[in-house]
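Worksheet: the structure to be examined is printed underneath.
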Amino acid sequence: MPFRWNPELTMQDITPEEYFLERRRFIKQAALVGAGAVLGLNPLTALGGESQDDTATPYEKATHYNNFYELGTGKDEPAANADKLLISPWSVIIDGAVTRPGKVSLEELLKPHAIEERVYRLRCVETWSMVIPWQGFPLRDLLRRFDPQGNAKYVAFETLLDPQHLPGQTRKILDWPYREGLRMDEAMHPLTIIATGMYGRSLPNQNGAPLRLVVPWKYGFKSIKSIIRITLTEQQPVTSWNQMAPEEYGFYANVNPLVPHPRWDQESERRIGEFRRRPTLIFNGYGDHVAGLYAHMDLSRNF
Ligand SMILES: Nc1nc2c(c(=O)[nH]1)N[C@H]1C(S)=C(S)[C@@H](COP(=O)(O)O)O[C@H]1N2
Ligand SMILES: [Mo]
């Protein structure tokens, strides 16, 4: 039976036992992390979100089960075609509603940013998930350098368009280039990062080198790869999957077990590398940090 959205339900109705057990575990873990920091152990930081055994997905799995349609639609194709993506030289245009629009090379762009390590869950709309230790920096640190103007309400992102090299772009699978977007407050949230590496290494091409978005409380398709342009806009930008199938993929794409995808429910997920299914947590487990962004919205309409 598909689970229907019910505005009367609270977080406790969804996965009460799981949720509270996990919270307790997270608090314990946080205490351990604190102790580790005192001892100078430099532990990985699971920033935000109630943890549910966040053992990192094996590196081999996280780099050989990918969605990156520019490099093929099969899950193993992005790894096989990875060398077709040319990432050097690379630059990013930042324009639109900013006081100082510009184009920055990757080297220039990385220089002023302190790269932190953060472990985040990535939950794909096709009901699988991974836990990945990312290296990167908050998107807001980058946006602030270009001085967003008051009329900036959204942020639009674009992936490289290079059909000569990217085999997927020779087929009309999507209206290339791949595009994504966030509301300004989502983009400025400290959990929203630009990832430049994972597992302590530089980002593999199949995972979106040289820089990609990571929005841990949203479905994986919001995490646009190999970004070449970031534009601050007044109007809600067009996004690839919403344009392709608006009834299936909304602009918000918040992980939400209460709102089923039209072709499957969204109540549980399988971690890549595991067999059992886990209950899916609202906002992917980061509700404490981000639920406030959507306090007055009907999430069944704004899915
Ligand atoms: N440019 C681009 N970005 C993309 C995609 C894509 O096809 N092209 N796929 C998205 C989808 S559907 C998912 S689930 C994630 C997968 O990220 P991963 O391969 O690093 O796990 O990337 C997202 N970013
Ligand atoms: Mo996805």
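The values are calculated or read from the model by the stated rules, or taken from the named source; none is laboratory data. For clarity, every value in this text was computed on a predicted model and none was experimentally measured. Note that each Cβ is placed from the backbone with ideal geometry, even for glycine, and that neighbours are counted across all protein chains shown. Please note that ligands, DNA and RNA were not included when accessible areas were found on the heavy atoms of the full protein model with its side chains. Shrake-Rupley method; radii C 1.70, N 1.55, O 1.52, S 1.80 Å.
General remarks:
- Among the residues making up the stretch 100-145, a single one is of a type in the set (D, E) and within 16 Å of ligand 1 (Cβ to nearest atom): E126.
- Looking at the stretch 64-175, none of the helices (runs of 4 or more DSSP H) lying wholly inside it contains 2 or more residues that are out of contact with any Asp or Glu (no Cβ under 8 Å at 6 or more places or on another chain), open to solvent by less than 30 Å² (accessible area, probe 1.4 Å) and among the aromatic types (F, W, Y).
- Qualifying residue in the stretch 89-98 (condition: on the phi > 0 side of the Ramachandran plot and either at pLDDT 95 or above or within 16 Å of ligand 2 (Cβ to nearest atom) (or both)): yes
- In a residue-by-residue description of the stretch 109-131, the property of being at pLDDT 95 or above, over 19 Å from H165 (Cβ atoms), more than 20 Å from the chain's Cα centre (by Cα) and of a type in the set (S, T, Y) applies to no position.
- Scanning the stretch 256-303 for residues that are buried (at least 20 other Cβ atoms within 10 Å of the Cβ) and part of a helix (DSSP H, G or I) turns up I282, F283, N284, G285, G287, V290.
- Scanning the stretch 236-280 for residues that are among the hydroxyl-bearing types (S, T, Y) and either out of contact with any Lys or Arg (no Cβ under 6 Å at 6 or more places or on another chain) or under 29 Å from A187 (Cβ atoms) (or both) returns T239, S240, Y249, Y252, T280.
- Residues of the stretch 235-255 that turn out to be free of Cβ contacts under 8 Å to residues at least 12 places away in the same chain and part of a strand (DSSP E or B), as a count: 0
- Consider the stretch 215-235 and keep the residues that are among the aliphatic types (A, V, I, L, M) and within 16 Å of ligand 2 (Cβ to nearest atom). The one that is surrounded by the most Cβ atoms within 10 Å (Cβ to Cβ) is V215.
- One residue alone among A56, A35 is at pLDDT below 95, more than 9 Å from ligand 1 (Cβ to nearest atom) and either out of contact with any Asp or Glu (no Cβ under 9 Å at 6 or more places or on another chain) or part of a loop (DSSP other than H, G, I, E, B) (or both), and that residue is A35.
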